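First the structure, in the form of structure tokens, and then the observations on it.
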């Protein structure tokens, strides 16, 4: 993984690349939160599928970043894991410095 991290660190020196990467951060955060919650509960994608009625293939697509979940889908996933969904707006540090 260090080769990838080295590559990423090098690419982050490019302002255009960094801006695009930073723009995708909210999507990455949602994906990682979904995966972390599922794994913390010891659930497979198939088990989560059975609990939510969402096809396992669709859960896989969400976790691989190949689909964008609706708010309703995120709520179904959270409910299936016995969790509540919390979405919040937080100040943008860049905007605070202006």
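The values are calculated or read from the model by the stated rules, or taken from the named source; none is laboratory data. These numbers were taken from a predicted model, which means no experiment stands behind them. We place every Cβ from the backbone using ideal geometry, glycine too, and count neighbours over all the protein chains shown.
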Can you name every residue in the stretch 23-45 that is at pLDDT 95 or above and farther than 15 Å from residue 77 by Cβ? 42
Pairs, first closer than 21 Å to residue 92 by Cα in the stretch 1-22, second surrounded by fewer than 10 Cβ atoms within 10 Å (Cβ to Cβ) and at pLDDT 90 or above, C-beta under 9 Å, six or more apart: none
Candidates 62, 71 - the one that is under 23 Å from residue 92 (Cβ atoms) and at pLDDT 95 or above: 71
Output the residues belonging to the stretch 15-32 that are within 21 Å of residue 60 (Cβ to Cβ) and either surrounded by fewer than 15 Cβ atoms within 10 Å (Cβ to Cβ) or touching a strand residue (DSSP E or B) at 6+ places or on another chain (Cβ under 6 Å) (or both). 24, 26, 27, 28, 29, 32
Does residue 58 meet the test of being in a helix (DSSP H, G or I), over 29 Å from residue 12 (Cβ atoms), without any contact (Cβ under 8 Å) to a residue 24 or more places away in the chain and out of contact with any helix residue (DSSP H, G or I) (no Cβ under 6 Å at 6 or more places or on another chain)? yes
When the stretch 61-84 is checked residue by residue, the ones that are in a loop (DSSP other than H, G, I, E, B), without any contact (Cβ under 8 Å) to a residue 40 or more places away in the chain, exposed (fewer than 13 other Cβ atoms within 10 Å of the Cβ) and within 14 Å of the chain's Cα centre (by Cα) are 64, 65, 66, 70
Only one of (1) crowded, with 16+ Cβ neighbours inside 10 Å; (2) more than 30 Å from residue 5 (Cβ to Cβ) is not met by residue 43, so which one is it? (2)
Hey, any hits in the stretch 37-46 for a residue that's outside any loop (DSSP other than H, G, I, E, B) and more than 15 Å from residue 83 (Cα to Cα)? yes
